[in-house]
Amino acid sequence: MTSGPQTSTNSTPHGPQLDEGFAANVRGLAQDYVARRKQDAVRVVSDVAGAIRGASAGFEDAPNVKAFFDSAAEGVEELSADIGRRTVSELYDELDAAARRRPAVTLAVTAVAGFALYRLLSASGVRPIPRSRAVVPVDVLPVSDLDGPA
């Protein structure tokens, strides 16, 4: 019999069962989170389709251009429905297969996405004002006393 705290979780009869319960709980939370994000993605893609369809309304006098926008909107709506129908693992497998089929396109898309992310993050930061254009309040400048001692 040992005195003092026991450090092994497997020393108690319920240790491995608690570990499995924790892992199952974390797995369930992760699956719920991914399912919510998938539904958010479906909603965003559907909104993009609506925006494309709305942009086509301005081209009533150009039926060919309007047909192009409508066709693009239908394709984006199909993508939205496809994302909603598939599981996350199916989407991952399809993206992985597409990346392996066309590595140059994958590299280009990744580079453009990285550049866009860089521009987005750098634009949101506070930019320093060059000293030549800085507006300095008058009372901050050292000024000699012009009136003399009072």
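Here Arg101 qualifies as modelled with pLDDT of 90 or more, exposed (fewer than 10 other Cβ atoms within 10 Å of the Cβ) and either under 29 Å from Asp32 (Cα atoms) or within 27 Å of the chain's Cα centre (by Cα) (or both). Taken together, Ala72, Ala51, Ala41, Ala30 contain a single residue that is small (Gly, Ala, Ser), over 22 Å from Leu95 (Cβ atoms) and either modelled with pLDDT under 85 or assigned to a helix (DSSP H, G or I) (or both), which is Ala51.
Within region 75-89, the set of residues being of a type in the set (Ser, Thr, Tyr) and part of a helix (DSSP H, G or I) comprises Ser80, Ser89. Within region 104-126, being among the polar types (S, T, N, Q) and either loosely packed, with under 11 Cβ neighbours inside 10 Å or not in a helix (DSSP H, G or I) (or both) holds for Ser122, Ser124. Residues that are more than 29 Å from Ala30 (Cβ to Cβ) and touching an Asp or Glu at 6+ places or on another chain (Cβ under 8 Å) are absent from region 87-108 altogether. Just to be sure before I move on: is Val88 surrounded by 11 or more Cβ atoms within 10 Å (Cβ to Cβ), at pLDDT below 90, in contact with a helix residue (DSSP H, G or I) (Cβ under 7 Å, 6 or more places away or on another chain) and within 24 Å of Tyr33 (Cα to Cα) in the structure I sent? Yes, satisfied. Summed over region 50-82, residues that are in contact with a Lys or Arg (Cβ under 6 Å, 6 or more places away or on another chain) and either small (Gly, Ala, Ser) or loosely packed, with under 12 Cβ neighbours inside 10 Å (or both) total 2. Of the residues making up region 22-49, those that are surrounded by 14 or more Cβ atoms within 10 Å (Cβ to Cβ) and of a type outside the set (A, V, I, L, M, F, W, C) number 2.
The values are calculated or read from the model by the stated rules, or taken from the named source; none is laboratory data. All of these numbers come straight from a predicted model, not from anything done at the bench. Every residue, glycine among them, receives a Cβ derived from its backbone with ideal geometry; neighbour counts consider all protein chains shown.
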